[in-house]
Amino acid sequence: MRTGETGRGETGTGAPPAVSVADLDRFLAQEFPQAFGAGRPHAIVELGNGTATVRLDAGEAHLRPGGTVSGPALMMLADVAMYVALLGRIGLVPLAVTTNLSINFLRKPAPGAVFADARLMKVGKRLAVGDVALRGAEGTDLVAHCVATYSIPAR
């Protein structure tokens, strides 16, 4: 999927994203340096109007005993991907926040790249709901599935 495409059945209008990847990268590096600052492990791979793919380069700091990517690292990746998809739809709104996140861990992802494909299912005036499919670099099998709700501040 290239910038502007809507992807997996997103309910948007097919319009291009509300923000460019470059502008969103700059915004995230400034507002969330812990995830997107210099040398950080997250990167936007694709951005649509209500869809996004974000990659986590899971290194030693993201692993749990047994050599698999930890649950907290996967939850952060899912949350970041939802935020990116939402900002691709509504523009740069720093105070949009997660109000609910539910995740099902399906299989153990190996260390290395993990991808999160986020899709907004509904965007209202104050709430947005979407889902995220997380997959390892080695295949298309899901390692986790997440549903999240975001609160959108009044404009």
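The values are calculated or read from the model by the stated rules, or taken from the named source; none is laboratory data. Remember, it's a predicted structure, so these values are computed and weren't measured experimentally. Quick reminder, even Gly has a Cβ in these numbers, built from the backbone with ideal geometry, and neighbours come from all protein chains shown.
Whenever a residue of region 136-147 is closer than 14 Å to ALA73 by Cβ, its partners that are aromatic (Phe, Trp, Tyr) and modelled with pLDDT of 85 or more, lying with C-beta atoms within less than 6 angstrom and at least six residues away or across chains, give the pairs ALA144/PHE105. In the condition set (1) under 15 Å from ALA18 (Cβ atoms); (2) in contact with a strand residue (DSSP E or B) (Cβ under 7 Å, 6 or more places away or on another chain); (3) not in a strand (DSSP E or B), ARG107 is compliant with all but (1). Looking at region 24-41, can you tell me whether even one residue there is modelled with pLDDT of 90 or more, of a type in the set (Gly, Ala, Ser), loosely packed, with under 12 Cβ neighbours inside 10 Å and out of contact with any strand residue (DSSP E or B) (no Cβ under 9 Å at 6 or more places or on another chain)? The answer is no; no qualifying residue exists. In region 110-135, the qualifying residues are those that are free of Cβ contacts under 8 Å to residues at least 40 places away in the same chain and under 15 Å from the mean Cα position of the chain (by Cα), and the one that is farthest from MET76 (Cα to Cα) is VAL129. Confirm whether VAL147 is crowded, with 16+ Cβ neighbours inside 10 Å and either of a type in the set (Asp, Glu) or part of a helix (DSSP H, G or I) (or both). No; evaluated as a whole, the condition is false for this residue. All told, LYS108 falls short of being out of contact with any His (no Cβ under 8 Å at 6 or more places or on another chain) and closer than 20 Å to GLY50 by Cβ.
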